[in-house]
1. Which distance in Å, rounded to a whole number, links the C-alpha centroids of region 13-66 and region 88-119?
2. So what are region 36-160's ellipsoid semi-axes, whole angstrom, largest first, if each one is the square root of 5 times an eigenvalue of the alpha-carbon gyration tensor?
3. Where nothing but the Cβ of Lys and Arg (+1) and of Asp and Glu (-1) is charged, how large is the charge dipole of region 73-119 around its Cα centre, in debye to the nearest 20?
4. About the Cα centre of the chain, how large is the charge dipole given +1 on each Lys and Arg Cβ and -1 on each Asp and Glu Cβ? Please answer in debye to the nearest 20.
5. What angle, in degrees between 0 and 90 and rounded to the nearest 10, separates the Cα long axis of helix 103-119 from the longest principal axis of the Cα atoms of the chain?
6. List residues of region 51-80, by number, whose backbone nitrogen lies under 11 Å from a label position 7 Å along Cα→C-beta of Val149.
7. Report the chymotrypsin sites (Phe, Trp or Tyr not before Pro) located in region 66-160 that are in a DSSP loop and have at most 16 other Cβ atoms inside 10 Å of their Cβ, or state none.
8. Count charges around Asp48 for me, please; just the other residues with Cβ under 15 Å from its Cβ, Lys/Arg as +1, Asp/Glu as -1.
Amino acid sequence: MLEEQTFHVKLHDRADFCCGVPALDDYLRRFAAQQSAKGMACVYVLVDDLHPRQILGFYTLSAAQVDAQRLSETDGNKLPRYPVPCFRMGRLACRSDRQGQGLGKLLVGCAVERCLQAHRLVGAFALLVDAKDEKAKAFYRHYGWIPCVDSPMTLYLPLR
Ligand SMILES: CC(C)(COP(=O)(O)OP(=O)(O)OC[C@H]1O[C@@H](n2cnc3c(N)ncnc32)[C@H](O)[C@@H]1OP(=O)(O)O)[C@@H](O)C(=O)NCCC(=O)NCCS
């Protein structure tokens with residue numbers, strides 16, 4: 001059974017993870033634990049309980065903010081002119097040999113669910129993401145994420 005867990009270096013084999021994007025593999029190997037310890041990001045991994053050390057995919061969440069002018073006219077016009085509180089999914093990746101099997105969708109669903117939970121305790125308008133390329137952007141657009149007007153590689157998903 002697939003399970004989402006908080007990343008822990010003693011429980012999860014980060015060296016074995018490869019998603020095809022060296023910067024994301026490197027992040028998981030070298031920076032994820034540090035960033036988590038410093039409170040910069042929460043790192044979540046997806047594992048199969050039959051192979052609980054193997055990381056199938058991961059994502060990170062952090063607090064963020066966005067200027068309302070960067071949002072679509074419909075959203076931006078309803079918001080105040082000072083930075084709007086948000087969450088940011090800083091990284092998202094699935095291991096190469098498991099891509100295209102629905103794990104990315106599952107991870108995004110988990111991230112949104114966590115943000116909706118946090119959103120009950122801490123105000124936040126949307127979940128932000130920076131797509132690293134057009135392919136990643138198309139993936140987010142597929143799920144209804146909206147590009148920011150000034151930087152279309154940054155997308156947001158309203159949490160309302
Ligand atoms: C991007 C990534 C996380 C997607 O995960 P995945 O497991 O391969 O995707 P899924 O199998 O869950 O796809 C889910 C859905 O998205 C669609 N989809 C996947 N990639 C897509 C793309 N590039 N454009 C449009 N739709 C896409 C699938 O068709 C599927 O649609 P459905 O739910 O209607 O059937 C994964 O490919 C990955 O790790 N890539 C390398 C790292 C990366 O680019 N991360 C993004 C950083 S911004």
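Derivation of every value follows stated rules applied to the coordinates shown; laboratory data play no part. This structure is a prediction, so every number in the text was calculated from the model and none was measured. Using ideal geometry, Cβ is built from the backbone for each residue, glycine included, and neighbour counts are taken over all protein chains shown.
1. What the calculation gives is 11 Å, centre to centre.
2. Values: eigenvalues 143, 57, 26 Å².
Ellipsoid semi-axes (Å, largest first): 27, 17, 12.
3. Working: 8 positive and 4 negative charges, 32 e Å.
Around 160 debye, computed over region 73-119.
4. On the way: 21 positive and 17 negative charges, 60 e Å.
So the dipole magnitude of the chain works out to roughly 280 debye.
5. 50 degrees
6. Residues 68-78 qualify, since their backbone N sits under 11 Å from the label point.
7. On the way: sites: Phe87, Phe125, Phe139, Tyr140, Tyr143, Trp145, Tyr156; in loops: Phe125, Tyr143, Trp145.
Those that pass, being in a loop and sparsely packed, are Tyr143.
8. Working: positive: Arg53, Arg95, Arg98; negative: Glu3, Glu4, Asp13, Asp16, Asp49, Asp97.
Neighbourhood net charge equals -3.
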